[in-house]
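Every number in this text was worked out from the coordinates using simple rules, so none of it is lab data. Keep in mind it's a predicted model, so treat the numbers as computed, not measured. Cβ atoms come from the backbone with ideal geometry, glycine included; neighbour counts cover every protein chain shown.
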Amino acid sequence: MSQASNAEGVLERFLSELQSVKRYSPHTVANYRRDLFAFLQIFRGHGKDDWRDISTQDVRLAVASLHQDGLSGRTLARRLSALRSFYTYLMRHHHYAQNPAADVRAPKDAKALPATLDPEQMQRLLDEPGDSVLSLRDAAMFELMYSSGLRLSELVGLDVKDLQLGEGMLRVTGKGNKTRELPMGRKAVTALHAWMSARTQWLQGPESALFLTQRGRRLSARSVQDRLKRLAARQGVDRNCYPHMLRHSFASHMLESSADLRAVQELLGHADISTTQIYTHLDFQHLANVYDKAHPRARKKDDQD
């Protein structure tokens, strides 16, 4: 029997054990088969057909090759887990001396950039006419979230006493029970004045909450999420809009305009500036897109005709 067929034979016996002894589902066994044969193909490409000849460096090179092919960190972690399980089997049943995959870790996936709306989308979302109490409340909520970069929990936790409409300021209690003073934009102040005039229509007794339900109670986070989705659908904003997207958009637009990272950190209430720095990547991405479209040496050939 050749080494190549022996390598496959050992692998098939392992897969058979998974199915017959460990009672893994056919789907799981198929995943193991795909993952392990992917490694075997790379090892053979490097001239190694025997599982005994594989070193930790070989495994690292294989992981790097798969990563370059576009596999995510999560997929590579699963494949490495399959390889470690296979070598545990080989050490137990075939007296292999070591597990070359034991200390190899998958690369971490790049942190996903927060989703934002551009200024035009934000304008379309917020410029909804309406003078019902419900419309006035929703307009005040979302104008304020975008104007001051509030977290959803901060929004629903606001009390009337936290507003200083005359000064255009707002007191917010954020994570760790820390308070911060925030400015409010002109449109947010206007929307809040309108809501405060209409709010009395829903009051059914003493209630400190700034934003109320129609029964006069403090509005829940789930209700805010639902109202934003409805608003986006009505306004034709073809995005999966959620409240934190307004906070992300606030941070991104502030950095695009001012580039003052420390100021944005304070406005957002981030304890660590590294949390705020992710928005600089959004800003860079925006600038890179502008560059690619505008610079004559960056445009695609077809765009230069």
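Here is the list for region 1-69: trypsin sites (Lys or Arg not before Pro) lying in DSSP coil, each with at most 10 other C-beta atoms within 10 angstrom of its C-beta, are Lys22, Arg23.
Alpha-carbon geometry of region 3-93: the Rg and the Dmax are 12.8, 36 Å, given in that order. Tell me, how many Å apart are the Cα centres for region 138-167 and for region 1-65? Region 138-167 and region 1-65 have Cα centres spaced 57 Å from each other.
Assign one of three labels to region 145-249, namely rounded, prolate or oblate, based on the Cα gyration tensor with a ≥ b ≥ c the square roots of its eigenvalues; rounded applies when a/c is under 1.5, prolate when it is not and a/b is larger than b/c, and oblate otherwise. Intermediate results must be reported in sequence, preceding the final value.
Working: a/c = 1.44, a/b = 1.15, b/c = 1.25.
Rounded.
Over all other residues within a Cβ to Cβ distance under 14 Å of Tyr32, the charged ones net out to +4, with Lys and Arg as +1 and Asp and Glu as -1.
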